[in-house]
Amino acid sequence: MMTKNTPRAQGYHMPAEWEKHAATWIAWPHNAEDWPGKFQPIPWVYADIVRHLSQVEDVHILVNDAALEKRAISILRRSGANLARLHFHPWRTDRVWLRDSGPVFVRNTEGNPGLTNWMFNAWAKYDNWHNDDQIPGQVAKLYNMQQWQPTVTLANGTEHRIVLEGGSIDTNGAGVLLTTEECLLSDVQQRNPGVTREQLEAVFSNYLGIDQVIWLNRGCAGDDTHGHVDDITRFASENTIVTCVEHNTHDENHLPLAENLNRLRAARSSEGKHFRIVELPMPAPVVFDGQRLPASYGNFYIANQIVLVPTFNDPNDRRALNILAECFPDREIVGIHSGDLIWGLGALHCMTQQEPG
C-alpha cells in the first residue's frame, strides 16, 4: 500500500550509484579504537581516496572539531587533493562509516533531491551511535531538503522507526533492490524485531521507489555487520549484477557465495528476463591479529568518471580490476590499497555516501 506522504507517492526514487553525483560524503577518521594498533596510516589512506574523488566531484567531509579539520586539511594538501572541491562540516561522529549512518538520497522526476532518514543503531552491536544517527537530519537542515523517516506499524499497534544501513542495500535505479536475509531477516542482529519480509518490501517500495527485492542469503566471512550486500553483490548497470565467488571449497566463503550466485541466476526482472551475472573473485583471506577481515573487491565505489576498488596486494587484484573495467567501460578504474583500511572492518563503499546531482 502506498501512502500519499511517502517519497514514491511524490515521485521520488533512489537513483543508481553510477548516475551523476553532486558530491560524495565522508567522515574524517578520528577514533583510533576503530583501527587498534593501525590507526596512523588511516588518514593518509583517506587522503588518497579524497584526492581521486576531488578530481571528479565535490567532497563533503565531517570533522569532529576545528583541530581535526586543520589536521585533515594539512594531510589533504600534502596528498594533492583539490581543496577547492572540499567542504568541511563540524559535526561529531561516533564512527566514519557514512554508507550506513548517512542519509540515503532520493530524487524525483524533475531531478530534485530529497533524503530518507533511517534509524542507525551501530548495527545493533555498539552503544555509541547517537552522534551518527543525527547525520541525515543535519544534512537535511543544511540543504533545507525534504526528508522522510521510514516507519511501520507492528502487530501490537506501535509505530516502529525502521533501522537500515546503506551498506545493506544496492539498487539499479530502475526499481530493483539487492539485500540479504542474514542482515535484515535473521534473528542474529535484531535490527527490526517483529518486522516482516513483506513489511520491509513495502517500506522499500514506498520510501525508495522499489518494485522488486532480490533476497540473497548471507554475506561474506569477517563482516561484523552480518551480511551487508555491498561486500558481495552489486549492480553495475540496470541489468548487470556483479557478484563475488570463492572457488576454494575449503574457504568459509565458498558455500554462501555459491548459494547467492544460484539465487541470482534464478532471478528474473519484472519483464521476466535474466540478469547478466558477472563473477568477481575474492582475495585470499586477509587475517590480522587472528581475526578474519571482510576483504572483498565487491566494496567498490562508483563516482563521476571513476570507480574506486579496494585492493589487497593479492594476485586477484589485477583480475578484479580488469573485470570491473569491462563492467564500467566509460570510467577509469582506480585501485586503492586497503590492507590497513580493512582492519576497521570496512572499505571504500562503507566509508562513502553519494549525493545525486
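Some notes on this structure:
- Among the conditions (1) buried (at least 17 other Cβ atoms within 10 Å of the Cβ); (2) under 30 Å from Asn260 (Cα atoms); (3) in contact with a helix residue (DSSP H, G or I) (Cβ under 9 Å, 6 or more places away or on another chain); (4) modelled with pLDDT of 95 or more, Glu181 misses just one, which is (1).
- When Leu308, Leu293 are checked against the criterion of being of a type in the set (A, V, I, L, M), over 30 Å from Asn108 (Cα atoms) and either buried (at least 20 other Cβ atoms within 10 Å of the Cβ) or modelled with pLDDT of 95 or more (or both), a single residue qualifies: Leu293.
- Taking each residue of the stretch 143-155 that is more than 17 Å from Gly11 (Cβ to Cβ) and looking for partners that are surrounded by 14 or more Cβ atoms within 10 Å (Cβ to Cβ) and polar (S, T, N, Q) with beta-carbon atoms closer than 6 Å, six or more apart or interchain, yields Gln149/Asn117; Val152/Gln199.
- Selection within the stretch 111-167: residues that are farther than 19 Å from His89 by Cβ and of a type in the set (Ser, Thr, Tyr). The member of this set that is surrounded by the most Cβ atoms within 10 Å (Cβ to Cβ) is Thr116.
Listed here are the residues, each with its yes/no results for (1) farther than 30 Å from Ile135 by Cα; (2) out of contact with any Ser or Thr (no Cβ under 6 Å at 6 or more places or on another chain); (3) not polar (S, T, N, Q).
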| position | (1), (2), (3) |
| --- | --- |
| Leu255 | yes, yes, yes |
| Asn304 | no, yes, no |
| Leu308 | no, yes, yes |
| Leu321 | yes, yes, yes |
| Leu324 | yes, yes, yes |
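- Scanning the stretch 308-337 for residues that are in contact with a helix residue (DSSP H, G or I) (Cβ under 7 Å, 6 or more places away or on another chain) and in contact (Cβ under 8 Å) with a residue 60 or more places away in the chain yields Leu308, Val334, Ile336.
- Scanning the stretch 183-203 for residues that are within 28 Å of Ile302 (Cα to Cα) and out of contact with any Asp or Glu (no Cβ under 9 Å at 6 or more places or on another chain) gives Leu184, Leu185, Leu200, Glu201, Ala202, Val203.
- Helices (runs of 4 or more DSSP H) fully within the stretch 108-213 that include at least 2 residues being hydroxyl-bearing (Ser, Thr, Tyr) and closer than 30 Å to Lys20 by Cβ: 197-208.
- The one condition in (1) within 30 Å of Pro29 (Cβ to Cβ); (2) out of contact with any helix residue (DSSP H, G or I) (no Cβ under 7 Å at 6 or more places or on another chain); (3) not aliphatic (A, V, I, L, M) that Arg218 fails to fulfil: (2)
- Restricting attention to the stretch 296-328, the residues that are in a loop (DSSP other than H, G, I, E, B) and under 24 Å from Asp224 (Cβ atoms) add up to 8.
- Verdict on Pro285 being crowded, with 24+ Cβ neighbours inside 10 Å, at pLDDT 95 or above and either assigned to a helix (DSSP H, G or I) or touching a strand residue (DSSP E or B) at 6+ places or on another chain (Cβ under 7 Å) (or both): no
- Pairs with Cβ under 6 Å, 6+ apart, first in the stretch 112-136 and without any contact (Cβ under 8 Å) to a residue 24 or more places away in the chain and of a type in the set (A, V, I, L, M), second surrounded by 23 or more Cβ atoms within 10 Å (Cβ to Cβ) and part of a loop (DSSP other than H, G, I, E, B): none
- Among (1) surrounded by fewer than 17 Cβ atoms within 10 Å (Cβ to Cβ); (2) touching a Ser or Thr at 6+ places or on another chain (Cβ under 6 Å), the one test that Gln190 misses: (2)
The values are calculated or read from the model by the stated rules, or taken from the named source; none is laboratory data. Keep in mind it's a predicted model, so treat the numbers as computed, not measured. Reconstructed Cβ throughout: ideal geometry from the backbone, glycine too, with neighbour counts over all protein chains shown.
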